[in-house]
1. Looking at (1) more than 7 Å from chain A (Cβ to nearest Cβ); (2) over 18 Å from A:Val281 (Cα atoms); (3) not in a strand (DSSP E or B), can you tell me which one B:Ala224 breaks?
2. If you check A:Gly179 against the conditions, is it on the phi > 0 side of the Ramachandran plot, assigned to a loop (DSSP other than H, G, I, E, B) and touching a Ser or Thr at 6+ places or on another chain (Cβ under 8 Å)?
3. Consider B:Asp239 against the criteria (1) more than 30 Å from A:Phe379 (Cα to Cα); (2) without any contact (Cβ under 8 Å) to a residue 60 or more places away in the chain: it satisfies all of them except one. Which criterion is unmet?
4. Would you mind stating whether A:Arg228 is under 17 Å from B:Ala247 (Cα atoms), basic (Lys, Arg) and in contact (Cβ under 8 Å) with a residue 40 or more places away in the chain?
5. Suppose we filter A:Ala223, A:Ala246, A:Ala260 for residues that are farther than 30 Å from B:Asn132 by Cβ and buried (at least 24 other Cβ atoms within 10 Å of the Cβ); which single one remains?
6. For the stretch B:365-379, enumerate the residues that are buried (at least 18 other Cβ atoms within 10 Å of the Cβ) and more than 14 Å from chain A (Cβ to nearest Cβ).
7. What residue, of A:Leu108, A:Leu125, A:Leu98, is within 14 Å of the chain's Cα centre (by Cα), not in a loop (DSSP other than H, G, I, E, B) and not assigned by TED's automatic domain parsing to the domain that holds A:Trp289?
8. Which residues, taken from the stretch A:106-132, are closer than 30 Å to A:Leu160 by Cα and out of contact with any strand residue (DSSP E or B) (no Cβ under 7 Å at 6 or more places or on another chain)?
There are 2 protein chains.
Amino acid sequence: MDSAAAMAGSDLAAVFDRMSAIGARPGAGITRLAASAEDGAARRLFADWMSRGGARIAQDAIGNQFACFDWAGEGASWVFAGSHLDTQPRGGRFDGALGVLAAGCAALDLDAEIRAGGFRPSRNLAVVNWTNEEGARYQPSLTGSGVFSGALPLDDALALQDGAGIALRDALDTIGVAGETESVPPCPEAYVELHVEQGGVLTEAERRIGVVEGTWAARKITAAWTGRAAHTGPTPMADRRDALLAAARGITAFEAIVAAHHPHLHRSAARLVIEPNSPNVVAERATVWFELRGLDVAELDIAGRAVIAAFEKAALETGTRLEIAADGLRPPASMDDRLAALAGDIARACGFEPLVMRSVAGHDAVALQNTGIPSALIFIPSVDGIAHHPDELTHPEDMKAGLKVLTALLRQLAEGGFHAEP
Amino acid sequence: MDSAAAMAGSDLAAVFDRMSAIGARPGAGITRLAASAEDGAARRLFADWMSRGGARIAQDAIGNQFACFDWAGEGASWVFAGSHLDTQPRGGRFDGALGVLAAGCAALDLDAEIRAGGFRPSRNLAVVNWTNEEGARYQPSLTGSGVFSGALPLDDALALQDGAGIALRDALDTIGVAGETESVPPCPEAYVELHVEQGGVLTEAERRIGVVEGTWAARKITAAWTGRAAHTGPTPMADRRDALLAAARGITAFEAIVAAHHPHLHRSAARLVIEPNSPNVVAERATVWFELRGLDVAELDIAGRAVIAAFEKAALETGTRLEIAADGLRPPASMDDRLAALAGDIARACGFEPLVMRSVAGHDAVALQNTGIPSALIFIPSVDGIAHHPDELTHPEDMKAGLKVLTALLRQLAEGGFHAEP
């Protein structure tokens with residue numbers, strides 16, 4: 001129980017500071033991996049804070065947390081707002097946490113206004129913390145929102161294993177997150193997520209608020225090369241089947257091919273697992289997580305085929321065997337037009353001319369939108385576009401602008417101001 | 001206490017089977033990393049077995065174990081025989097363990113012969129298990145023999161850290177290996193090590209016994225590239241400083257350069273540590289352990305300079321910063337001529353025409369020889385030259401041949417049959 005945070009009420013800066021202390025190490029940002037002890041502490045802080053503010057806490061079987069404000073009664077429809085509390089290893093303070101905590105502050109302010117007779121809601125509101133958005137510890141990312149929206153089967157998600165072979169089911173159990181509580185709210189009429197941009201577009205355009213109209217597609221390919229473990233000394237060079245050499249050639253060729261033929265695609269190889277990873281043993285197996293991101297699925301398909309051919313060539317040259325362990329396409333999302341238009345109007349009414357923009361990264365709002373839940377994604381600026389790094393920063397005045405727009409939009413949605421198309 | 005093993009006496013096959021069970025997993029060989037729980041179990045088995053056989057167990061501050069047979073009394077000089085009980089991850093059963101256990105069997109047989117009045121030794125004998133020969137968990141390798149022979153300062157060795165940041169001092173302490181016992185024997189007059197070849201030269205020459213005249217040199221370079229963590233999605237490609245891409249180019253160039261200009265050098269990049277190693281974070285830092293092995297130090301120097309230049313180029317191209325974290329040369333060793341000649345004569349007397357040969361890999365005998373302790377290294381065949389792999393195999397008749405030669409050589413040394421040159 002963190003009573004200082006629980007006492008923070010709707011003071012965003014105060015609760016944000018408390019949350020930012022969980023998993024923080026000097027000079028190394030925040031490490032709050034999904035279903036870790038630190039994630040457990042973040043979940044407890046969120047639940048304490050929200051229940052102290054009058055919310056009922058529900059939790060589904062994948063560990064998504066819902067701080068429920070049952071303003072309009074049992075039969076009424078729901079509005080969700082939130083994001084995620086997990087981070088990358090050595091990540092920043094703002095990515096995810098800002099969206100959850102701003103939604104919590106908005107909810108508390110609206111709740112106070114309702115209690116004071118300021119307006120009469122026709123919908124209920126839940127502030128949501130989605131499980132494992134980051135995909136750092138467990139792949140795929142967007143796990144909690146994927147399960148909630150039906151895109152990812154619950155059992156598949158619970159069976160995911162981290163690099164140490166620990167199932168997500170067991171990791172959640174370890175931090176006391178197990179099983180669904182009663183009264184998890186149903187699919188909402190609308191979902192709203194406030195997030196830091198993680199890029200420099202808003203700053204360049206000199207805008208405080210971005211309304212995301214859609215996202216890039218992402219193709220994520222996990223390639224594994226299998227060779228044969230051998231002594232790095234006496235084993236004749238001709239007899240070696242070196243999986244790390246194959247992976248290195250794969251990574252090098254991947255960048256060269258995409259840079260030459262598809263230079264505007266964003267691309268990365270950022271995770272590599274080697275077995276046995278000893279200086280004296282030729283690598284038996286090397287697994288690399290590749291990403292290609294762009295707007296055009298057909299181009300991702302062409303580029304994907306070219307890089308897989310290069311991976312095969314690397315296998316052939318090194319006497320290793322290639323296995324494509326995963327190859328998934330996250331299609332480009334079009335966020336809900338009408339909800340985006342509403343968000344833009346509200347931003348203007350709050351005094352901020354919004355920038356209509358695209359998101360390169362995936363977000364929980366995208367996972368929900370892609371399964372038919374009308375979702376809005378609102379961006380505020382990231383200083384120098386730095387993301388997934390300890391130096392990630394969003395200025396206080398931008399946080400305030402985001403909170404203002406989010407609160408006004410949630411007020412309108414709670415009053416019944418938007419209806420999903422039939 | 002493993003009484004079945006302790007009862008094995010000088011039955012090499014029996015005690016070898018017991019040792020081979022420690023750290024074994026089906027289909028995954030043996031994992032008995034230095035100072036791990038499995039290493040602790042192997043040490044206890046060795047100590048129990050030897051003390052049951054009448055030896056006094058001593059241990060020095062780096063955890064080297066000495067099973068001492070004080071045959072000739074306090075003032076007499078010593079002969080050592082042994083190898084190491086640690087393994088690579090998923091390593092084989094024979095590498096190291098065979099040498100320790102064969103030396104133990106030889107000692108027990110000689111002890112029985114002495115007790116029966118068969119001969120009168122003028123020297124004492126210690127069977128030695130050297131700490132962390134493999135260098136899998138802690139680099140550099142040959143840690144225990146390096147400290148004993150004075151090549152590596154004790155405090156530096158105890159401060160070595162594994163990939164998880166655990167100091168060797170603490171890892172040894174965890175398995176109950178802490179501090180020097182009384183009566184660690186002094187530098188020996190001679191050291192003898194029986195080892196599997198880990199190559200195919202003996203088999204090709206149709207010989208059972210190899211006498212090593214010298215070893216290749218090894219240059220071991222640890223290169224670390226530092227870039228900047230960033231989101232793999234929105235971060236513009238031009239802003240990325242990708243340490244894994246740099247490392248992949250470094251590994252690719254390393255192999256290309258050495259294969260083209262120094263094709264007979266053995267070379268490897270087998271360990272790679274990436275931070276933070278998340279699929280969604282451009283790598284901040286990538287550290288690669290490179291090895292170059294050959295006979296000619298001047299050639300290793302030329303090749304080393306060429307590959308470091310290529311590493312710099314990879315850094316320049318990727319906007320990362322290169323740091324050569326370690327760059328060590330293990331010079332080629334010449335084993336003691338006269339001791340090797342004696343080993344050859346004894347092999348012949350035992351009925352085996354020895355092959356005089358070179359070792360590509362380093363061994364504890366090389367570490368001792370390089371600091372002036374006359375050392376002999378005797379090889380027996382490895383099936384298909386397989387090493388550092390679960391399929392590592394040496395046939396029973398070759399083990400018997402090795403044990404026979406080792407026992408006869410130790411008998412002669414115990415009788416005073418060799419003197420170091422002044």
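1. Exception for B:Ala224: condition (3).
2. The answer is no for A:Gly179.
3. Going through the list (1) more than 30 Å from A:Phe379 (Cα to Cα); (2) without any contact (Cβ under 8 Å) to a residue 60 or more places away in the chain, B:Asp239 breaks only (1).
4. Working: under 17 Å from B:Ala247 (Cα atoms): no; basic (Lys, Arg): yes; in contact (Cβ under 8 Å) with a residue 40 or more places away in the chain: yes.
So A:Arg228 does not fit the description; no.
5. Values: A:Ala246 fails: farther than 30 Å from B:Asn132 by Cβ; A:Ala260 fails: buried (at least 24 other Cβ atoms within 10 Å of the Cβ).
Of the residues listed, the single one that is farther than 30 Å from B:Asn132 by Cβ and buried (at least 24 other Cβ atoms within 10 Å of the Cβ) is A:Ala223.
6. Here is the first cut: in the stretch B:365-379, the ones buried (at least 18 other Cβ atoms within 10 Å of the Cβ) are B:365-370, B:373-379.
The answer is B:Ala365, B:Ala367, B:Leu368, B:Gln369, B:Asn370, B:Ile373, B:Pro374, B:Ser375, B:Ala376, B:Ile378.
7. Details: A:Leu108 fails: within 14 Å of the chain's Cα centre (by Cα); A:Leu125 fails: within 14 Å of the chain's Cα centre (by Cα).
On inspection, the qualifying residue turns out to be A:Leu98.
8. Narrowing the stretch A:106-132 to residues closer than 30 Å to A:Leu160 by Cα: A:126-132.
Those that are closer than 30 Å to A:Leu160 by Cα and out of contact with any strand residue (DSSP E or B) (no Cβ under 7 Å at 6 or more places or on another chain): A:Thr131, A:Asn132.
The values are calculated or read from the model by the stated rules, or taken from the named source; none is laboratory data. Keep in mind that this is a model prediction, so the values were computed, not measured. Please note: Cβ atoms are built from the backbone with ideal geometry, for glycine as well, and neighbour counts cover all protein chains shown.
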